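Read the structure below first, then the notes.
The values are calculated or read from the model by the stated rules, or taken from the named source; none is laboratory data. Keep in mind that what you see is a predicted model, and the values were worked out from it rather than measured. Quick reminder, even Gly has a Cβ in these numbers, built from the backbone with ideal geometry, and neighbours come from all protein chains shown. With ligands, DNA and RNA removed, areas are computed over all heavy atoms of the protein, side chains included. Shrake-Rupley method; radii C 1.70, N 1.55, O 1.52, S 1.80 Å.
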Amino acid sequence: MTTTRLFCTPPRLQFGPRALEHVGREAARLGKTALVVTGRSSSTKNGSLERTCALLTAAGVAAVPFARVESDPSLDTVTEGAALAREKGCDVLVALGGGSAMDAAKAISCLLANPGPLANLEGATGLKQGPPLVAVPTTAGTGSEVTRVAVLTDTARKYKLLLVGETLMPAAAILDPELTASMPPKVAAATGMDALTHAIEAYVSKLATPLSDTLALAAIETIGTNLALAVTAPDNLHARAAMLYAQMQAGQAFSNASVGLVHAMSRPMGARYGVPHGAANAMLLPHVAAYNRPACPQRMARIAVALGRCIDGMDLGKASRQAAIALTELAAELPLPRTLGDVGVPTGDLADMAREAAENGSSRVNPRRPSPEDIASIYHELA
């Protein structure tokens with residue numbers, strides 16, 4: 001390592017069964033009125049929203065539910081949430097849900113402290129600190145509870161907007177594996193592959209460090225061992241807990257080392273055609289791993305080992321190819337789409353999507369710098 005690097009993570013992490021019981025105490029340390037940011041249905045149906053609000057109330061924190069967050073939260077939703085927080089005098093936020101709820105809560109906090117509109121804050125430095133956030137994930141994939149990143153959808157421009165800054169880092173994260181038990185198999189599969197993508201892209205990133213490498217490799221090994229079991233046996237709390245812990249490690253890794261080409265390519269799929277982020281990543285990951293292999297064969301071989309492949313006696317070329325093979329086999333076990341046609345992405349739009357992905361910042365830290373033509377070729381492999 002030739003330069004000094006900063007590593008950011010939340011100052012407080014609560015992990016384990018019934019960890020949700022700490023939400024009231026964590027919020028009470030930070031404020032008196034909490035905007036509870038969550039999705040439109042699942043937390044209401046499974047009772048986690050009611051339980052969270054009750055725990056907040058018992059700790060002396062007024063709870064203001066905002067159950068309006070859609071998948072891939074829009075700028076309009078964030079603006080609506082910020083308006084409610086101002087109206088109710090909220091001085092702390094609690095995000096309950098998957099990455100969409102947490103990204104929306106981060107952006108709401110940001111908008112409360114910085115002049116909008118949100119579109120003007122992309123790429124901005126020196127963002128002021130908004131109300132603190134307690135993040136409570138109910139899926140095991142995004143790692144957003146430990147990152148300084150929020151991804152939003154500009155529906156007017158069909159564009160994924162990225163907010164980045166230390167002020168977006170949650171003040172506390174509460175990881176309770178029991179909250180992930182209600183995830184349907186397809187959601188568990190997609191979010192798990194999202195976490196695996198985070199770990200692998202952090203490990204091969206040009207910005208990787210020894211600390212991010214340690215977290216990324218640990219996450220890859222745990223996910224490779226537990227993902228299929230967590231999908232097929234949702235009552236297996238050990239597998240669900242392992243996935244929740246691993247996706248947190250992957251989040252810590254990529255928040256500090258960045259993601260790469262898979263994310264650059266998945267963002268146009270989500271912004272233009274509403275493809276769920278985890279599903280898009282799962283489709284792309286084996287193909288991008290094969291594309292990246294010549295630029296980082298040693299690291300690809302190490303990924304293969306972490307995924308359980310035996311490379312004894314193989315030369316580096318053959319050993320490094322095992323990573324993409326292992327990823328292809330793992331994806332085949334899961335109930336996820338395989339082709340662009342499965343998710344409604346027409347082939348006529350691939351050239352424009354490829355140009356957008358090539359210009360994305362994540363492509364610049366990918367181990368192999370792709371051209372628009374390279375990216376279009378990978379998209380066509382999925383057609």
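Only residues that are open to solvent by 10 Å² or more (accessible area, probe 1.4 Å) and either among the β-branched types (V, I, T) or in contact with a Gly (Cβ under 8 Å, 6 or more places away or on another chain) (or both): list them for region 31-42, please.
Of everything in region 31-42, those that are open to solvent by 10 Å² or more (accessible area, probe 1.4 Å) and either among the β-branched types (V, I, T) or in contact with a Gly (Cβ under 8 Å, 6 or more places away or on another chain) (or both) turn out to be K32, T33, G39, S42.
Anything in region 46-59 that is open to solvent by 20 Å² or more (accessible area, probe 1.4 Å) and in contact (Cβ under 8 Å) with a residue 60 or more places away in the chain? List them, or say none.
N46
Return the residues of region 231-255 that are touching a Lys or Arg at 6+ places or on another chain (Cβ under 9 Å) and within 29 Å of Y379 (Cβ to Cβ); say none if nothing qualifies.
Passing the criteria: V231, S255.
Among R267, R272, which is of a type in the set (K, R), surrounded by fewer than 22 Cβ atoms within 10 Å (Cβ to Cβ) and either in contact (Cβ under 8 Å) with a residue 60 or more places away in the chain or outside any helix (DSSP H, G or I) (or both)?
Answer to the check: R272.
For residues that are closer than 22 Å to R272 by Cα, part of a strand (DSSP E or B) and not aliphatic (A, V, I, L, M), scanning just region 116-159, find the one that is most open to solvent (accessible area, probe 1.4 Å).
Y159
Is it fair to say A188 is touching a helix residue (DSSP H, G or I) at 6+ places or on another chain (Cβ under 8 Å) and buried (at least 24 other Cβ atoms within 10 Å of the Cβ)?
Answer is yes for this residue.
Any chance you could count how many residues in region 160-185 are more than 17 Å from A257 (Cβ to Cβ) and open to solvent by 40 Å² or more (accessible area, probe 1.4 Å)?
5
So T4 clears everything in (1) touching a residue at least 12 places away in the same chain (Cβ under 8 Å); (2) over 28 Å from K160 (Cα atoms); (3) not small (G, A, S) except one condition, right? Which one?
Here T4 clears every test but (1).
Looking at region 197-220, which of the residues that are outside any loop (DSSP other than H, G, I, E, B), β-branched (V, I, T) and touching a helix residue (DSSP H, G or I) at 6+ places or on another chain (Cβ under 8 Å) is surrounded by the most Cβ atoms within 10 Å (Cβ to Cβ)?
My answer is I200.
Restricting to region 17-30, and then to whatever is of a type in the set (G, A, S) and either on the phi > 0 side of the Ramachandran plot or out of contact with any strand residue (DSSP E or B) (no Cβ under 7 Å at 6 or more places or on another chain) (or both), can you tell me which residue is least open to solvent (accessible area, probe 1.4 Å)?
Ranking the qualifying residues of region 17-30, first place goes to G24.
In region 64-90, what count of residues is obtained for those that are open to solvent by less than 60 Å² (accessible area, probe 1.4 Å) and touching a residue at least 12 places away in the same chain (Cβ under 8 Å)?
Residues meeting the conditions: 17.
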